[in-house]
Amino acid sequence: MRRFLFKVEFEMPSQDTAAAIWKSKLGWLTDNDSKELARAFTLSGGLIENVSRKATMFETLHNDFPTLNQINNYCMEESNTKFGCFLK
């Protein structure tokens, strides 16, 4: 197991950056959907990645994209993690 000798603090992405991350991870989202997710949730890039993995698993299992409501639920689950992200 490795340990870092120092901590690196990453700021939360801006809404524009978060929307771009959403769009890059879930390319089938509309621009409006990605902007809405960025506006509604303050998530780090890593937590957006976690949500996108859940959405991709849904897509794989159901051969369909999750609804925006389902993605919102995934965001709420990630918002409740110990990493301190929150709903705006």
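Among the residues of the range 3-47, the ones that are closer than 18 Å to E78 by Cβ, outside any helix (DSSP H, G or I) and open to solvent by less than 60 Å² (accessible area, probe 1.4 Å) come to 7 in all. Being among the small types (G, A, S), open to solvent by 40 Å² or more (accessible area, probe 1.4 Å) and in a helix (DSSP H, G or I), is that true of even one residue in the range 73-80? No, the conditions are met nowhere in the range 73-80.
Look at the range 53-68: where a residue is farther than 19 Å from D31 by Cα and a partner is not hydrophobic (A, V, I, L, M, F, W, C), sitting 6+ places away or on another chain with Cβ atoms under 6 Å, you get K54/Y74; F58/P66. Picking from residues in the range 54-72 that are over 18 Å from A18 (Cα atoms) and aliphatic (A, V, I, L, M), the one that is surrounded by the fewest Cβ atoms within 10 Å (Cβ to Cβ) is L61.
The values are calculated or read from the model by the stated rules, or taken from the named source; none is laboratory data. On a predicted model such as this, the values are computed, not experimentally measured, just so you know. Neighbour counts run over all protein chains shown; Cβ positions are idealised from the backbone, glycine included. Surface areas here come from the heavy atoms of the whole protein model, side chains and all, with no ligands, DNA or RNA. Shrake-Rupley method; radii C 1.70, N 1.55, O 1.52, S 1.80 Å.
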